[in-house]
Structures are given as C-alpha cells and as structure tokens.
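Below: one structure, written as structure tokens.
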Amino acid sequence: MAPIVSVSNLSKTYASGFEALKGVSLDIEEGEILALLGPNGAGKTTLISIICGIVNPSGGEVTVNGYDVVREFRETRAMIGLVPQELTTDAFETVWNTVSFSRGLHGRKPDPTHIEKVLKDLSLWDKKDNVLRELSGGMKRRVLIAKALSHEPRVLFLDEPTAGVDVSLRKSMWEVVERLRASGVTIILTTHYIEEAEEIADRIAVINGGEILLVEEKAALMTKLGRKQLRVDLAQPIEEVPQTLLSYKLSLEENGQCLIYDYDTSAERTGITALLAALAEAGIRLRDISTRQSSLEDIFVEIVEAGQ
Ligand SMILES: Nc1ncnc2c1ncn2[C@@H]1O[C@H](COP(=O)(O)OP(=O)(O)OP(=O)(O)O)[C@@H](O)[C@H]1O
C-alpha cells in the first residue's frame, strides 16, 4: 500500500540562513500513529508545518495521498488536520462558530451534525455558545482539537498535544486519539515526552539537528529497552578477561576492577547464572553485583548523541 504521507529528501533553510531540515525522508502509513520525538529545535514543527502547507520547503518533495503539498495544496490541506500548540483565533468568537468556520476554511460544506458530534466527543457541547476567552486553558485545547477535526481529516497532526495539560484532559485526549485511529485516521504527534510516545505510538521517529536519526516500530525499540547491564565489581583487579570467559563478551572497566555484561531481558536465558559460575571457576572473587536497565530515555539520548 502506498504511504498516506511521503516525505522525500526534504530540506528547509530559513531566511536567516539556518538549515532547519537537512534531507529528511519519511513514509507514513495510513492508519498508524507515529510519534516524532526530538529535543527543542530539532525541526519537528518545521517538518509538520511543511507537510501542512504552512511553511514552504527549500528542497525535496512531500505528498499526501499522492498530492503534492505545494502544487496541490488545496487537496492536501483538505485531508489534513493540525492541532497547533497555541490558539490564535478570535477570542470573541463562540466555540460553535469557530469550529464551523474552520470546516469552511478547508473547503467543506457546512455539516452541523458532524460539528455537533465533534463537540460532544470532546465534552465541549455545553460550551458551544461560550466565547473562547471565557474558556479555561484545557477547554481551549479541546477547541483546537475540535477545529482540526471539523473537516474530517484523514491525517491528523498533534504538535505537543499534552504540554501543560492536566491528567484528565490528557486521558480524554488519548481516548479521542484511539477513536480516531479506530476510524482509520492517521495520527502524527510531536512530543518531548518519551513515555507518551511509548504509550500510544505504533512507530517512533527520532529527529535531531534537522535529520531523522531513526524510525522504528515501537515494539522493536522496546526490545532494545529490554537490554540490561550486569555490573560485577571485583575483589581484586584483573589485567584482562580470562580466556574461559571470552564467549560472554564482557567489557573490563575501571582499571580492571569491574566487569560489565550486557544481556537481553527478553531472551529465554540471560546467561547470568552460567557467568557467575564461570567467574567462580576462573578464581575471580566478587565484591558486589548490580544491574541496571536502560530506559527508552537512555536509548533516546544515546541515539541523539551518536547522531551529533
Ligand atoms: N522562521 C524561522 N526563522 C529562522 N529560524 C527558524 C524559524 N523557525 C524555526 N527556526 C529554527 O529552526 C530550528 C527548528 O525549529 P522547530 O520549531 O522546527 O523545532 P522543534 O523541533 O519543533 O522544537 P521545539 O521542540 O522547541 O518546538 C530551530 O533552531 C529554530 O530556531
């Protein structure tokens, strides 16, 4: 199946001369939830702004359902919903009018039944006649989502959806995301929160310095997360790893005082029991042992640092 969004060799140099994207290529499959992870200034907003037709690329190509986002922006804009970080609409407009107007902006005919459903889904129905400035921050966030869903997009972008959001809104947001996914909508979210990506994404893309460093199924990343380290502090330092222990791929650190053993927690056998027996057999006495599990955070930091 052709990807719903295809980004190929995309670059962006701002007027200041700053190169925010350096040849990014990425295919997004229909119906998936992709999390775009990256530190501040990585290029996440620039990338989604180009896909959404808000920022012009300097080079490369982006298609949405086969349509080019620059040459055929009317078609692509109609298929895309964007939930930005902040509300910029008229504060004196009512919720109902703002959301209905947004549908029109995307070239769709009025459909009060759909708008009613969106507002009810987001628990905004009893606020439909309130003007935006009367709403709490959380409610304003809901309005942003309602606007993005007003024209029934096939692809929804959520830019930092839960930054500064309370637990209950976060929960209802993920319920909406789940329902949208079940209805076949493709969802791309940008986030700094690794746990968030872990919770809801099918795939994770890591971006830094305008480059995609990795795109991987979450499950595969979780297997990496399953890696653990056994640290064995030795009673006496050794000069080198004994021949009988070479099959364990140990690394000798801290002037020969400590052995590090990487193992896979998802493997049937970790090899720890055998390793400890082999250490005893080799006459190596231990002072202490400890284990440490790498988190997705560690993996993320490692990927970003290795890419720099
Ligand atoms: N209009 C602009 N002119 C010049 N530089 C810009 C412009 N917009 C963004 N940049 C720079 O491009 C880089 C990428 O910015 P972008 O907003 O895409 O990052 P981001 O990954 O979304 O970051 P954050 O997580 O902080 O939102 C940053 O260094 C930013 O300063």
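We did not get these values from a lab; they are worked out from the coordinates using the rules stated. Note that the structure is predicted; figures quoted are calculated from it, not measured. We place every Cβ from the backbone using ideal geometry, glycine too, and count neighbours over all the protein chains shown.
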Next item on the list: Work out the charge dipole of the chain with +1 on the Cβ of Lys and Arg and -1 on the Cβ of Asp and Glu about the Cα centre, then indicate which of 98, 236, 38 is farthest towards its positive end.
Entry: 98
Check: Gap in Å between the Cα centre of segment 63-136 and the Cα centre of segment 152-215?
Finding: 18 Å
Notebook entry, point to check: So how strong a dipole does segment 100-156 carry about its Cα centre when Lys and Arg Cβ are +1 and Asp and Glu Cβ are -1, to the nearest 20 debye?
Noted result: 180 debye
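Using the Cα atoms as the points, what is the convex hull volume per residue of the chain in Å³?
On the way: hull volume 53.7 nm³, N = 308.
Here the figure is 174 Å³ per residue.
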Margin query: For the pair residue 217/residue 73, report the inter-label distance in nm, with labels modelled 7 Å from Cα in the Cβ direction.
Written below: 3.8 nm
Check: Would you list 174, 96 from fewest to most Cβ contacts within 10 Å?
Finding: 174, 96
Checklist line | P(r), alpha carbons of segment 226-294 - 10 Å bins starting at zero, rounded % | finding: 20, 59, 20, 1
Next item on the list: Note down the nm distance, to one decimal, between modelled labels 7 Å out along Cα→Cβ at residue 101 and at residue 264.
Entry: 5.7 nm
Item checked: Hits among lysines - C-alpha to C-alpha of residue 128 under 22 Å, sequence gap 8 or more where chains match -> 109, 117, 120, 140, 147, 171
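Taking K and R as +1 and D and E as -1, what net charge do the other residues with C-beta under 12 Å from the C-beta of residue 153 add up to? Don't skip to the end; give the middle numbers.
Details: positive: 77, 103, 108, 147, 154; negative: 152.
With Lys, Arg at +1 and Asp, Glu at -1, the net is +4.
Shape call for segment 1-97 from the C-alpha gyration tensor, a ≥ b ≥ c root eigenvalues: rounded (a/c under 1.5), prolate (a/b greater than b/c) or oblate? Write out the running numbers ahead of the final one.
Details: a/c = 1.63, a/b = 1.22, b/c = 1.33.
Cα axes put segment 1-97 in the oblate bin.
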Item checked: Candidate lysines - alpha carbon under 26 Å from residue 249, same-chain residues fewer than 8 apart omitted -> 224, 228
Next item on the list: Restricting to the chain, compute how many DSSP beta bridges are antiparallel as a %, nearest 5.
Entry: 70 percent
Next item on the list: Can you spot the lysines whose alpha carbon is less than 20 Å from residue 12's alpha carbon? Ignore those fewer than 8 places along the same chain.
Entry: 22, 44
Checklist line | Dipole-positive endmost among 18, 50, 67 within segment 1-77 (Cβ charges, Cα centre) | finding: 18
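Subtract the Cα-Cα distance of residue 247 and residue 170 from 0.36 nm times their separation in residues, and report this length gain in nm to one decimal. Each step should come with its number before you reach the end.
Values: separation 77, 0.36 × 77 = 27.72 nm, distance 4.78 nm.
Residue separation times 0.36 nm, minus the Cα-Cα distance, leaves 22.9 nm.
What is the magnitude of the charge dipole of the chain about its Cα centre, with +1 placed on the Cβ of each Lys and Arg, -1 on the Cβ of each Asp and Glu, and no other charges, expressed in debye to the nearest 20? Present the calculation step by step, with values, prior to reporting the outcome.
Details: 34 positive and 46 negative charges, 197 e Å.
Using only the charged Cβ atoms, the result is roughly 940 debye.
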